[in-house]
Amino acid sequence: MGKSILITGGSGLLGQELTKALLNNGHSVAHLSRSAHKNPQVKTYLWDVKNDVIDEHCIDGIDTIIHLAGAGIADKRWTEKRKKEIVESRTKSIALIYRLMGSKPNQVKTVLSASGIGYYSNRGDELLTEDKAPAQDFIGTCCVEWEKAVDEGAQFGLRIVKFRTGVVLTTKGGALPQLARPIKMGVGSALGNGRQWVSWIHHHDVIAMYLFGLSNDQLTGVFNMSAPFPVTNSELTRAVANQLHRPLWAPKVPAFFIKLLFGQMASLVLGSTKVSVQKIQEAGFKFNYPDITGALKEIYG
């Protein structure tokens, strides 16, 4: 039977793709958004997280909330103001929904939430399972706060699933187009020493994992959302170049130059995060695109 789903962050890249997949699977979908959208199949409820404003009807008849809302981590430089915005857009948003749930009867049973592998941050060659301690840097702390805010739903007896998402590969946005641009121009190269691990995932597998989380009532807790075979930055760069039939001749981009360009955000590019997905696989999830060559072939095919 179809579920009634409310998505926060539904107008983002992942939100749009997930909305389409959910509708195709016979679910009904509503969005919480700052502005109305044009999709006639999706009802939009308005909210303003900064000012604690939310349409109280948004949870009427809803049984599942998918929490994807959050200011883009790599969109702007990390000023103190921007850091606050990055954290609060993730934490205050879900808190606003929980406050509403506490004030009126509702049928919400499940919350599926995004989180990030930034939880672990730069950990060299260590294989990171879900029970590893979080990093103490900005992104690690942001992910801890984010997950903590989502876990507040335990007071309502909800089933809560958190997906720590890796580098999502799609040509429509995120890291891949930025990585591919210099390669297409024939000046592609690895970043830093190139040995840092990139835990990536094909965008179709991201959607498939959310659908798996939705339909599997036994699934609860936190799971790494990444492909089973992480690659180094050098391997990823080479794989993209091979797929695009472009040579790689430029020297590696030195770390100091990246730090100069990106400031604190350089940690997103130079950090090494190698995550294990054994836990989600043992729960029964099967990846369609486990290896980088097959994934890029589908993406650029």
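Laboratory data are not the source of any read-out in this text; all were calculated from the coordinates shown. From a predicted model like this one, the values you see are computed outputs, not experimental measurements. Cβ atoms come from the backbone with ideal geometry, glycine included; neighbour counts cover every protein chain shown.
Results, tabulated for the structure shown:
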item: Fraction of the pair-distance distribution of segment 26-184 above 27 Å, Cα-Cα pairs, percent; result: 31
item: Fraction of alpha-carbon pairs over 21 Å apart in segment 155-301 - percent; result: 47
item: Within segment 165-262: Cβ-based charge dipole about Cα centre, in debye rounded to nearest 20 (Lys, Arg +1; Asp, Glu -1); result: 540
item: Principal-axis tilt of helix 80-103 within the chain, Cα atoms, nearest 10 degrees; result: 30
item: In degrees, nearest ten, helix 175-184 long axis to first principal axis of the chain (Cα); result: 30
item: Computed label-point distance, nm, for sites Glu282 and Lys43 using a 7 Å Cα→Cβ extension; result: 4.1
item: Whether segment 26-101 is rounded, prolate or oblate, judged on the alpha carbon gyration tensor where a/c under 1.5 counts as rounded; result: prolate
item: C-alpha long axis of helix 13-24 to longest principal axis of the chain, angle in °; result: 50
item: FRET E, pair Leu23, Gln264, Förster distance 51 Å, beta-carbon r, rounded to 0.05; result: 0.85
item: Burial ranking of peptide ranges 13-20, 240-247, 115-122, 155-162 (average Cβ count within 10 Å, highest at the top); result: 115-122, 13-20, 155-162, 240-247
item: Cβ-placed point charges (K, R +1; D, E -1), dipole of segment 120-218 about Cα centre in debye, nearest 20; result: 520
item: The chain shape via C-alpha gyration tensor axes, a/c threshold 1.5; result: prolate
